[in-house]
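Here is the structure we will look at.
The values are calculated or read from the model by the stated rules, or taken from the named source; none is laboratory data. Predicted model only: the values in this text are computed from it and were never measured. Cβ atoms come from the backbone with ideal geometry, glycine included; neighbour counts cover every protein chain shown. The protein model used for the area step is the full one, side chains on, heavy atoms only, and it has no ligands, DNA or RNA in it. Shrake-Rupley method; radii C 1.70, N 1.55, O 1.52, S 1.80 Å.
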Amino acid sequence: MPFIESSGTKLYYEETGSGGPVVFLHEFAADYRTWEAQVRRFSREYRCVTYNARGYPPSGVPETDAAYTFEHQRSDLVAVLDALGIEQAHVVGLSMGAYTALQVALSHPGRVRSVVFASGGSGAPRSDRDRFARDALAGADRMLGEGMPAAASGLAAGPTRVQLLNKDPRGWQEFRACMAEHSALGSALTLRSFQAGRPSLYDLEDQLRVLDVPVLLAVGDEDDPVIEANIFLKRTLPRAGLWIHPQTGHGLNLEEPSAFNRALAEFFAAVERGTWRRRDPRADPAMSVFLSDKERPADAPR
């Protein structure tokens, strides 16, 4: 099995195809296997890399809370890029992976050609922070007390997961079975340290406003915990576009693989030809729709 070492932890990875690199980062309830539909599509044109986060076997499972901070997750992605000789990549993250992708874009913008921020933002609104942290800690206790099969059955039946069950029962069974195989310790410590301890996206507003990296925000319209955060990001990130898929929950890439792949392909193509532009300042929502000649920008048509 191929591994990359990061801060003393071995990370299992797979790579398929050749061309420009695309790195996929999985969500909390998933692992590298849930990117299969994307790897099959994009490995025809790109060098696709998937890996399991720390705490997700066959990657190593450190035994201390301190090993699971968002800083470690951020460093792990950079370690993967370094070990594979990748100078710059499109980075596609879902939920937990989306947060890490954005963190690396903020700290190492030259290493990230673009970010797909899919289903990200749970617990970001300040009004949700305390409840989100309490739920994460309670979930960690349940995993340690009852084991992953019980925790997986409960999480897979949650309000943003039943959409996958309704659309693709077989895919939902595979998703639940994969989650049940995860390490209870690794998942619990990820909840305690990464999920409950990471900074809110709202706390990063000043940094996000000056991030000059193309970003595609992708969200399902029934993934209620993340919709508000994605609207915030659309209004804050200067080079972000927001794609919302109807009647879709959290597992966007599993529920709607064809639409998700099509959105990614169009985004990558726009980035590569230089047409994923910054938001026009004339589109500032704070501006009045009825401008006087004095208020109108000098280069605006009259």
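Yes/no matrix, rows are residues, columns are (1) under 16 Å from the mean Cα position of the chain (by Cα); (2) of a type in the set (A, V, I, L, M, F, W, C):
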| site | (1), (2) |
| --- | --- |
| W35 | yes, yes |
| R40 | no, no |
| V49 | yes, yes |
| A53 | yes, yes |
| P58 | no, no |
| V61 | no, yes |
| V78 | yes, yes |
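The condition of being within 18 Å of A263 (Cα to Cα), touching a residue at least 24 places away in the same chain (Cβ under 8 Å) and under 19 Å from the mean Cα position of the chain (by Cα) does not hold for L204. Scan segment 69-94 residue by residue and report those that are among the acidic types (D, E) and in contact with a Phe, Trp or Tyr (Cβ under 9 Å, 6 or more places away or on another chain). Matches in segment 69-94: D76 only.
Take G110 and decide whether it is of a type in the set (G, A, S) and within 20 Å of E256 (Cα to Cα). Judged against the criteria, G110 is not a match.
Can you find a residue that is in contact with a Pro (Cβ under 8 Å, 6 or more places away or on another chain), in a loop (DSSP other than H, G, I, E, B), surrounded by fewer than 22 Cβ atoms within 10 Å (Cβ to Cβ) and modelled with pLDDT under 95 anywhere in segment 279-287? Give the derivation first.
Taking segment 279-287 first, the residues in contact with a Pro (Cβ under 8 Å, 6 or more places away or on another chain) are 279, 281-282.
Checking which are in a loop (DSSP other than H, G, I, E, B) leaves us with 279.
Then drop every residue that is not surrounded by fewer than 22 Cβ atoms within 10 Å (Cβ to Cβ), which leaves 279.
Filter once more, keeping what is modelled with pLDDT under 95: 279.
Scanning segment 279-287 turns up at least one residue that is in contact with a Pro (Cβ under 8 Å, 6 or more places away or on another chain), in a loop (DSSP other than H, G, I, E, B), surrounded by fewer than 22 Cβ atoms within 10 Å (Cβ to Cβ) and modelled with pLDDT under 95.
When segment 12-43 is filtered for residues that are charged (D, E, K, R) and open to solvent by 40 Å² or more (accessible area, probe 1.4 Å), the ones remaining, listed by number, are E14, E15, R33, E36, R40, R41.
Can you tell which of A218, A184, A229, A240 is in contact with a Gly (Cβ under 7 Å, 6 or more places away or on another chain), farther than 18 Å from A138 by Cα, crowded, with 18+ Cβ neighbours inside 10 Å and among the hydrophobic types (A, V, I, L, M, F, W, C)?
Working: A218 fails: in contact with a Gly (Cβ under 7 Å, 6 or more places away or on another chain); A184 fails: farther than 18 Å from A138 by Cα; A240 fails: in contact with a Gly (Cβ under 7 Å, 6 or more places away or on another chain).
Just a single option satisfies the conditions, and that option is A229.
Pick from R161, R170, R192: which is open to solvent by 20 Å² or more (accessible area, probe 1.4 Å) and closer than 17 Å to A37 by Cα?
Values: R161 fails: closer than 17 Å to A37 by Cα; R192 fails: closer than 17 Å to A37 by Cα.
Only one candidate qualifies: R170.
Would you check if E272 is open to solvent by less than 60 Å² (accessible area, probe 1.4 Å), of a type in the set (D, E, K, R), modelled with pLDDT of 95 or more and out of contact with any Cys (no Cβ under 6 Å at 6 or more places or on another chain)?
Numbers: open to solvent by less than 60 Å² (accessible area, probe 1.4 Å): no; of a type in the set (D, E, K, R): yes; modelled with pLDDT of 95 or more: yes; out of contact with any Cys (no Cβ under 6 Å at 6 or more places or on another chain): yes.
Answer is no for this residue.
Cβ-Cβ distances below 9 Å connect the following pairs, each with a first residue in segment 5-17 that is without any contact (Cβ under 8 Å) to a residue 40 or more places away in the chain, a second residue that is crowded, with 18+ Cβ neighbours inside 10 Å and of a type in the set (K, R), and a separation of six or more residues or different chains: T16/R47; G17/R47.
Please verify whether G55 is of a type outside the set (A, V, I, L, M, F, W, C), out of contact with any Asp or Glu (no Cβ under 9 Å at 6 or more places or on another chain) and under 16 Å from Q195 (Cα atoms), treating the condition exactly as stated. It would help to see each step written out before you state the result.
Details: of a type outside the set (A, V, I, L, M, F, W, C): yes; out of contact with any Asp or Glu (no Cβ under 9 Å at 6 or more places or on another chain): yes; under 16 Å from Q195 (Cα atoms): yes.
It is true that G55 is of a type outside the set (A, V, I, L, M, F, W, C), out of contact with any Asp or Glu (no Cβ under 9 Å at 6 or more places or on another chain) and under 16 Å from Q195 (Cα atoms).
Evaluate the following for P199: is it more than 17 Å from the chain's Cα centre (by Cα) and surrounded by fewer than 16 Cβ atoms within 10 Å (Cβ to Cβ)?
Working: more than 17 Å from the chain's Cα centre (by Cα): no; surrounded by fewer than 16 Cβ atoms within 10 Å (Cβ to Cβ): yes.
Here the answer is no, as P199 does not meet what is asked.
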